[in-house]
Amino acid sequence: MLNFLKLSRKFINGKEPICLVLGNEACDLDSAVSALSLSYFYQHNYQHQEALKCRNFLPVLNIPKHDYPLKTEVHYLFQQLSLSEEYLTFRDELSVELMRSSKFVLVDHHNSPWSKQAIVVFDHRPRDETVELPLNCSINLELVGSCCTLIAELMLKAEMTTVKEIEVLKLLRSTIVLDTVNFSESAKRATAKDHEICCALEERLSAISQQETRKEVFDNLVKARSDVRSLTTFQLLRKDMKLISDAQCNKKIVLPGFPMLVQEFIKKPLAEEALKECARTTDSSIILLLGMHVDIDQENSMQRDLGLINIKDSQLFASVKRKLETMSEPNLQLQENNDCYFMEGCFFKQGNIKATRKHILPAVNQILNYSQ
């Protein structure tokens, strides 16, 4: 993997057409590992190169390079496998000209400014019907626990499971374990395919070298994700942030996710100032905060909560609040948290811990686009 990343850097300034394998702008572990692993797969698989009519693939982390230290679990896992930051490629290292002339493979998302240039999509969320994808785009959407499950399935079918691919297999297995909350029954994130693919990866890995247990992998990644001691309150907002807008980009909603509960985040020093700055820099009308806490000492029991804060559009705020409270697919099972008094927002405990941001986003996006 390291040699591939070193070689892929030359494509940034090359003259031949390339295909950018791009994760989503939150750049969580699933997104980052999916981008690296799928790029590696295509670069070493001539059959797929012919089908896609492209020989060179560049994995791109969809964040500015200066935000990489905020992705603590990504940084931790890559460091464990000696994947140095200097060989990674970040969004702000690419020229607009290069992006406009390139093909795209979108992983772990399909709603992108580059959707119209996509030739392949791999995602594990429901189809967003507002997204225009080319007619010849290969669309692979499956509601599994981790997008890496879909990438690992490709590698297993192609029998790319030798010592040469050991780093890729470790990356995929670790991400699936984290995304499924180590296959926790209470979290209900894992599907039968996640189980099947993770077991197949472990079988291949055990034949090559000794592996950490799933619990060791999961505990270390949760600790790394939750280790935000070096981050300012504003950086914590940027750690896992999504920004959506209406078709005209007149109204925007920012959705920061936290490795802690929202009710804990709002107690942090300068939380109000950081939220106002976040709204200003993203030009957002409202902020939807999404919190999660995993207790690794209590059999990975999980809690979720959310907070909604109006910045400059009380009508949109009311519409989103109503939508969240009345959603049925899935029902969030919200219970108002009356202990939170902060920026005149509304705060909820989320009973349905299986519902993640990927389930909430389409509903919020729909409200945004029909609130004209």
If I measure Cβ to Cβ between cysteines in the chain, which ones have no partner under 4.7 Å? CYS27, CYS137, CYS147, CYS148, CYS198, CYS199, CYS249, CYS278, CYS340, CYS346
Taking only Cα atoms, what is the 0 to 90° angle, nearest 10, from helix 357-369's long axis to the longest principal axis of the chain? 60 degrees
Just how large is the dipole of region 233-370 about the Cα centre, in debye to the nearest 20, putting +1 at every Lys and Arg Cβ and -1 at every Asp and Glu Cβ? 440 debye
For MET241, other-chain or 5+-apart residues with amide H closer than 5 Å (H placed, Pro excluded) are GLY257
Using the alpha-carbon centroid of each, what span in Å lies between region 285-346 and region 23-102? 31 Å
Over region 51-183, relative contact order from alpha-carbon pairs under 8 Å, at least 6 apart, %: 16 percent
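VAL144: net charge of surrounding residues, Cβ under 15 Å, Lys/Arg +1, Asp/Glu -1, itself excluded? Please report the intermediate quantities before stating the final value.
On the way: positive: ARG125, ARG127, ARG173, LYS188, ARG189, LYS193, LYS354, LYS358; negative: ASP30, ASP108, ASP123, GLU142, GLU153, ASP179, ASP194, GLU196.
Overall, the nearby charge balance is 0.
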Estimated vicinal HN-Hα couplings, Hz - region 181-189 in sequence order (Karplus 6.51, -1.76, 1.60; Gly, Pro = x): 6, 6, 6, 4, 5, 5, 6, 6, 9
Under a Cβ-only charge scheme (Lys and Arg +1, Asp and Glu -1), can you give me the dipole magnitude of region 240-316 about the Cα centre, in debye to the nearest 20? 380 debye
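To the nearest 20 Debye, how big is the dipole of the chain about its Cα centre, given +1 on the beta carbon of each Lys and Arg and -1 on that of each Asp and Glu?
Details: 45 positive and 49 negative charges, 151 e Å.
Here the size comes out at about 720 debye.
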Just going by the charge dipole of the chain, with Lys and Arg at +1 and Asp and Glu at -1 on Cβ, which of CYS278, ASN13, PHE317 is farthest out on the positive end? ASN13
Any of LYS71/LYS164; LYS170/LYS251; LYS71/LYS193; LYS116/LYS188; LYS53/LYS239; LYS15/LYS65 with alpha carbons more than 29 Å apart? Name them for me. LYS170/LYS251; LYS116/LYS188; LYS53/LYS239
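Counting only C-alpha contacts under 8 Å and six or more residues apart, can you give the relative contact order of region 1-224 as a whole percent? Walk me through the numbers on the way to the answer.
Working: 361 pairs, mean separation 43.3, N = 224.
Relative contact order of region 1-224: 19 percent.
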Exposed-site-free run, longest, the chain (rule: chymotrypsin sites (Phe, Trp or Tyr not before Pro); DSSP loop; at most 13 other C-beta within 10 Å): 1-340
Report ³J(HN,Hα) in whole Hz for each residue of region 122-129, in order, from the Karplus equation J = 6.51 cos²θ - 1.76 cosθ + 1.60 where θ = phi - 60°; Gly and Pro get x. 10, 8, 10, 10, x, 5, 8, 5
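At 1.4 Å probe radius, can you tell me the per residue accessible area of the chain in Å²?
Result: 46 Å² of accessible area for each residue.
The values are calculated or read from the model by the stated rules, or taken from the named source; none is laboratory data. Everything numeric in this text was worked out from a predicted model, so none of it was measured. Neighbour counts are summed over all protein chains in view; Cβ atoms, including those assigned to glycine, are modelled from backbone coordinates with ideal geometry. Surface areas here come from the heavy atoms of the whole protein model, side chains and all, with no ligands, DNA or RNA. Shrake-Rupley method; radii C 1.70, N 1.55, O 1.52, S 1.80 Å.
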